[in-house]
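What follows is a short report on a single structure.
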Amino acid sequence: MKPPILRATALLLSISATVLSAEEKPAAPKPAPPTPTAADVSYGPNPHQLLDIYVPPNSKEPCPVLIWYGGLWQPSKHAVDLGHFFPSHIAVIAVESRTLTDAVQEKANPPISYPMNDAVRAVQFVRLNAAKWNLDPKRIAVGGGSQGTLPALYVGCSGEHADANSKDPVEQTSSKVICVAAYRSQPTIDPKRMQEWVPGVAWGAPAFGMLFEESLKRREELLPVIQKWSPDWLLNKDAAPIYFENEWGMTQPADFTEANYKVHSPAWGMGFHQLAEAVGATVHNKYPDHPTEKYKDIWDFIVQSLTGK
């Protein structure tokens, strides 16, 4: 029999492969992004704590910046179309973080702490070093697609993380952001709430290092962890404004699998929106036949929030 850590690692890799398969990458590959202004910038001691920084050319004033998070399952930086932002002189930073796989292998408790803490540290690092890349430290937004939305939402909902008593200048720096962009989002690790919002879905259990069925069974035991790390439990009236966008409506498209649809259903955002209304937080939701009044889409929301235009 494999030792516990090897069994847990094998379990996580199996779950990761299933989720990646369910997400079904687009058939047509996206064009390669431009060369970063600075590539593989280290924001921490782990080799997976890396940033790619894209700064619009010929920007005279410090640029507002969008920080975009990569994968939870395997280390990656996820590309975002710079064409949405460069015309408005907005810089983009792609973040790679430690993953749930790293966390299980290194026996972190809970595993979700790795990508969440890295998401916060990335914001603090960028703000501390903003002058190096002509960035505006007062105008920072965060976002992600699918699995990358969870750390972005954590940053926006969990409040200020600056620690004045830390000896690390990064940790002394503010983690506050202007807004959060969540594309095709899964905004909770609470298995009970998942089932309430999207009946039948099974997602996110690697956050606890176990199968979904086990996390649901042990939910009361896990509740203190959920309340500490899950954005829906951290949501409050002072959270940064949040914009959800999904390309699918409330009915499953015929040409996509049930698993893929449930993981990326707009019902996640609608459930989150109900919580926001209860606490007085600002949350917008866009999906087919459900536009938002002030913003054309998630990219427009980011641009308006960062530039005031």
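The values are calculated or read from the model by the stated rules, or taken from the named source; none is laboratory data. Everything quoted here is computed from the prediction, not taken from an experiment. Cβ: placed from backbone, ideal geometry, glycine included. Neighbour counts: every protein chain shown.
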Counting only strands (runs of 3 or more DSSP E) wholly inside the stretch 33-129, the ones holding at least 3 residues that are touching a residue at least 60 places away in the same chain (Cβ under 8 Å) are 63-69
Looking only at the stretch 122-141, how many residues end up being crowded, with 21+ Cβ neighbours inside 10 Å and at positive phi? 0
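Out of D163, D168, report the one residue that is over 15 Å from the mean Cα position of the chain (by Cα) and under 24 Å from D238 (Cα atoms).
After applying the criteria, what remains is D163.
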Determine which single condition Q227 fails, assuming it passes every other condition in (1) modelled with pLDDT of 95 or more; (2) farther than 15 Å from Y154 by Cβ; (3) surrounded by fewer than 14 Cβ atoms within 10 Å (Cβ to Cβ); (4) not hydrophobic (A, V, I, L, M, F, W, C). (2)
From the list E245, E221, pick out the single residue that is surrounded by fewer than 21 Cβ atoms within 10 Å (Cβ to Cβ) and at pLDDT 95 or above. E221
Please enumerate the residues belonging to the stretch 152-184 that are small (G, A, S) and in contact (Cβ under 8 Å) with a residue 12 or more places away in the chain. A152, G156, S158, G159, A162, S174, S175, A181, A182
Determine which single condition T251 fails, assuming it passes every other condition in (1) in contact (Cβ under 8 Å) with a residue 24 or more places away in the chain; (2) farther than 23 Å from I140 by Cβ. (1)
Take the residues in the stretch 46-97 that are among the hydroxyl-bearing types (S, T, Y) and farther than 13 Å from Y114 by Cβ, then tell me which one is surrounded by the most Cβ atoms within 10 Å (Cβ to Cβ). Y54
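Looking at the stretch 25-60, which of its residues are among the charged types (D, E, K, R) and modelled with pLDDT under 95? Quick ask: steps written out before the conclusion?
We begin by selecting, within the stretch 25-60, every residue among the charged types (D, E, K, R); these are 25, 30, 40, 52, 60.
Listed by number, the residues that qualify are K25, K30, K60.
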Can you name the residue in the stretch 179-195 that is charged (D, E, K, R) and assigned to a loop (DSSP other than H, G, I, E, B) and, of all such residues, is farthest from A141 (Cα to Cα)? D190
Which residue pairs have Cβ atoms under 6 Å apart, sit 6 or more places apart or on different chains, and have a first residue in the stretch 279-302 that is closer than 9 Å to Y243 by Cβ and a second that is among the small types (G, A, S)? V283/A276; N285/G269; I298/A181; I302/A141; I302/A181
Does G71 fit the bill of being of a type outside the set (D, E, K, R), touching a Gly at 6+ places or on another chain (Cβ under 9 Å) and at pLDDT 50 or above? yes
